[in-house]
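Worksheet for the structure shown next.
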Amino acid sequence: MSSIAGQTWDIVVVGAGAAGAAIAARASEDPQRSVLLLDAGPDYPLATNLPTDLHNGHDNSYVDHDWGLSYNPLGDRSDRFPRGRVTGGSTAVNTTIALRGIPADYDGWAQLGNPAWGWDQVLPVFNRLERDLDYGAEPYHGDAGPISIRRWTEDELVPTQAAFIEAALEHGFPASADVNAPDAVGVGPMAMNKLGRLRISTAIGYLASARYRDNLTIRPDTLVNRVLVEDGQAVGIETGAGDHIAARLVVISSGAVHTPGVLIRSGIGSADELASLGVEPVATMEGVGANLSDHPALAIVMSPKFPEFCAPDLPLVQTICRYTSEGSNTPLDVNIELMTRTGSRSGEPMFMLAPSLEQVDGRGAVRQTSLAPDSMPSIQPHFGENERDVARHVRALQDAFALTRLAPLREFIDQVHFPDPSRSSRADLAQVARRVSASGYHPCGTAKMGPVEDPLAVVDQFGRCHGVDQLVVADASIMPTVPRANINLSTIMIGEMVGEWLRTEPARYGL
Ligand SMILES: Cc1cc2nc3c(=O)[nH]c(=O)nc-3n(C[C@H](O)[C@H](O)[C@H](O)COP(=O)(O)OP(=O)(O)OC[C@H]3O[C@@H](n4cnc5c(N)ncnc54)[C@H](O)[C@@H]3O)c2cc1C
């Protein structure tokens with residue numbers, strides 16, 4: 001530790017996940033800028049030496065590189081809440097679904113007082129981060145970025161996945177060849193950031209080449225406790241082991257679940273939470289840990305007629321149907337995915353349809369239970385408490401039920417086990433939505449960006465903390481609202497934006 005603690009770094013980035021790895025890689029493109037990237041998890045510099053769980057993008061990694069968090073989605077049952085603990089962060093353990101939100105998501109961020117994030121501003125950044133192997137260089141695609149993306153071809157689809165597309169078309173959804181087109185709607189092959197099985201995490205996409213730069217140091221296995229603040233200005237960080245590392249700028253990219261904890265332990269948070277934990281306030285900010293958004297998901301669990309199509313070796317997800325729930329005035333507010341397999345209590349092979357709510361009105365929170373740097377926060381999603389959310393989710397569940405009854409999919413289903421098909425009235429399904437909605441693993445919004453007048457804004461549109469100078473937050477926490485798509489690409493985009501600003505406009509960050 002002494003070698004990194006003995007100097008003042010230009011930039012220290014806390015967390016090497018979707019955003020942090022991109023920030024460190026882009027900012028260190030300036031050879032004059034010293035950058036230290038810290039992560040609590042291990043680092044695997046060579047893709048050839050990756051442990052199987054990180055290599056195998058056909059399945060999620062839930063145990064070996066995970067923080068071991070759990071939550072009580074609806075108060076009365078405990079469930080895991082996976083988060084990657086390794087360089088690459090959750091991008092190193094995830095399903096590799098590579099979806100963009102829709103233009104209205106980012107225009108919405110701009111309208112909330114963040115004009116740098118409108119669709120016209122972020123589109124070139126989405127193009128820059130991808131190497132789209134199907135579409136190449138197009139007005140809305142890129143062919144030279146660090147994250148390789150491709151869609152499944154027809155002959156690669158597991159038969160149940162192909163049947164899902166057929167059933168959705170028969171139901172009347174349009175075909176969507178490119179699910180990342182700005183006007184995409186309907187059913188099609190999923191865009192994914194993996195090559196063969198190899199998951200293209202940000203550790204591979206961004207750090208594999210950047211790590212050889214003299215001005216970038218990556219330090220794994222380093223849990224960060226808090227930001228050191230003197231006279232209203234961040235001056236470095238303290239590790240869990242008590243070492244102090246000096247920095248001219250501190251960037252927190254620990255993810256929407258862990259970033260609030262780093263801030264609270266630094267004295268930055270709501271007056272009540274700081275007081276309850278006995279932390280001396282440095283900057284009182286009500287938005288820290290508030291405004292938690294996610295994609296609540298439900299499941300129709302089915303036993304298969306052909307168990308071989310649920311084999312553990314097959315890709316978990318290959319298709320998606322994105323659409324607007326009936327009667328809703330919020331475009332593309334739901335989607336349905338077919339999961340090739342799912343766990344069951346009996347151990348029997350099962351597969352499922354997962355309708356997910358993509359735009360939520362309800363909000364949750366992440367609260368600290370202790371000041372220990374590796375303590376488990378209390379994740380409180382408050383799913384199923386907002387009636388408009390419940391109503392739209394129920395309609396998506398009804399649509400998914402309708403798909404199970406159509407011939408293309410029906411011939412693969414032995415039995416629908418849950419929810420009980422004989423109890424599928426709107427009222428029954430609303431009960432299901434209230435009882436068993438679970439996280440889509442897309443937490444965001446817990447240190448949201450916005451103008452200083454917004455009482456819940458923690459950072460401005462450039463990620464600069466409203467209450468403390470030389471402190472930036474840049475990860476999924478700063479999203480003011482959840483985009484209507486799995487959020488990995490949007491989080492990498494945030495890292496690209498802030499990393500490029502650090503490189504090209506350092507004065508904005510006091511560098
Ligand atoms: C199982 C799973 C499946 C998913 N599937 C998909 C998918 O298919 N498509 C999609 O779009 N999204 C998916 N996601 C979500 C997506 O991966 C995340 O939204 C995204 O990675 C969040 O980026 P982030 O930078 O905010 O946080 P992360 O990528 O989680 O990075 C945070 C990093 O900070 C480190 N860290 C945290 N606290 C500290 C600390 N105190 N000190 C030091 N380091 C710290 C962590 O170890 C981690 O490396 C999935 C997530 C999971 C867990």
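The values are calculated or read from the model by the stated rules, or taken from the named source; none is laboratory data. It should be emphasised that the depicted structure is a prediction, and the values quoted were computed from it without experimental measurement. Ideal geometry is used to build each Cβ from the backbone, glycine not excepted, and the neighbour counts take in all protein chains shown. The protein model used for the area step is the full one, side chains on, heavy atoms only, and it has no ligands, DNA or RNA in it. Shrake-Rupley method; radii C 1.70, N 1.55, O 1.52, S 1.80 Å.
If you build the convex hull over the alpha carbons only and average its shadow over all orientations, what do you get for the chain? Give it in nm² to one decimal.
Numbers: hull surface 88.0 nm².
Over every viewing direction, the Cα hull of the chain projects on average to 22.0 nm².
Enumerate the amide H contacts of residue 319 below 5 Å, restricted to partners 5 or more residues apart or on another chain; note that Pro and chain-start residues carry no placed amide H.
190, 338
Stretched out fully, how many nm does the piece from residue 243 to residue 277 gain, at 0.36 nm a residue minus the Cα gap?
Numbers: separation 34, 0.36 × 34 = 12.24 nm, distance 2.23 nm.
Separation in residues times 0.36 nm, less the Cα-Cα distance, equals 10.0 nm.
Give me log10 I(q)/I(0) at q = 0.25 Å⁻¹ for the range 285-347, Debye formula, one equal scatterer per alpha-carbon, no solvent.
-1.13
Pulled fully out, how much extra length does the chain show between residue 80 and residue 175, if you take 0.36 nm times their separation in residues and subtract their Cα-Cα distance? Before the final figure, lay out the partial values.
Values: separation 95, 0.36 × 95 = 34.20 nm, distance 3.45 nm.
Here the answer is 30.8 nm.
Please get the size of the charge dipole for the chain, origin at its Cα centre, with Cβ charges of +1 on Lys and Arg and -1 on Asp and Glu, quoted in debye to the nearest 20. Don't skip to the answer; put the middle values down first.
Working: 40 positive and 62 negative charges, 100 e Å.
For this selection, approximately 480 debye.
Could you state the accessible area per residue of the chain in Å², with a 1.4 Å probe and every protein chain left in place?
Values: 18490 Å² over 511 residues.
Each residue of the chain exposes 36 Å² on average to a 1.4 Å probe.
Computed over the Cα atoms of the range 65-196, what is the convex hull's projected area averaged over all directions, in nm²? Present the calculation step by step, with values, prior to reporting the outcome.
On the way: hull surface 45.3 nm².
Reported value for the Cα convex hull: 11.3 nm².
What residues have an amide H closer than 5 Å to that of residue 131, excluding those fewer than 5 places away on the same chain, when H is modeled at 1.01 Å from N in the peptide plane?
145, 147, 148, 149
Note down the Stokes-Einstein diffusion coefficient of the range 272-379 in µm²/s, whole number, using a Kirkwood radius over alpha carbon pairs, 37 °C, and 0.692 mPa s.
Numbers: Rh = 17.5 Å.
Value of D from the Cα-based Kirkwood radius: 187 µm²/s.
Give the relative contact order (percent, whole number) for the chain; include only Cα pairs under 8 Å separated by 6+ residues. Please list the in-between numbers first.
Details: 1299 pairs, mean separation 110.7, N = 511.
Relative contact order of the chain: 22 percent.
Give the residue from 209, 177, 188 lying farthest towards the positive end of the charge dipole for the range 170-218; charges sit on Cβ (+1 for Lys and Arg, -1 for Asp and Glu) and the dipole is referred to the Cα centre.
About the Cα centre, the residue reaching furthest to the positive side is 209.
Give the share of C-alpha pairs in each 5 angstrom bin for the range 41-120, from 0 to the last occupied bin, in whole percents, shortest bins first.
Percent of Cα pairs in each bin: 3, 14, 16, 13, 11, 14, 16, 11, 2, 0.
When the chain is fully extended, how far beyond the present Cα-Cα distance does residue 7 get from residue 308, taking 0.36 nm per residue of separation? Before the final figure, lay out each step's value.
Values: separation 301, 0.36 × 301 = 108.36 nm, distance 5.71 nm.
Fully extending the segment from residue 7 to residue 308 adds 102.6 nm.
Summarise the accessible area of the chain (1.4 Å probe, protein heavy atoms) by the percent that is carbon and sulfur.
On the way: 9110 of 18490 Å².
Ligands and nucleic acids excluded, carbon and sulfur reach 49 percent.
What FRET efficiency, computed as 1/(1 + (r/R0)^6) with R0 = 45 Å and r the Cβ-Cβ distance, is obtained for residue 453 and residue 197, rounded to the nearest 0.05? Intermediate results must be reported in sequence, preceding the final value.
Working: r = 48 Å, r/R0 = 1.07.
That pair, residue 453 with residue 197, gives E of 0.40.
Taking a ≥ b ≥ c as the square roots of the eigenvalues of the Cα gyration tensor of the range 128-190, is the shape rounded (a/c under 1.5), prolate (a/b larger than b/c) or oblate? Could you put the intermediate results ahead of the total?
Details: a/c = 3.72, a/b = 1.78, b/c = 2.09.
Since a/c reaches 1.5 but b/c is at least a/b, the shape of the range 128-190 is classed as oblate.
Calculate the spin-label point distance for residue 370 paired with residue 155, positioning each point 7 Å from the Cα along the beta-carbon direction, and give it in nanometres.
Those two pseudo-labels are separated by 5.6 nm.
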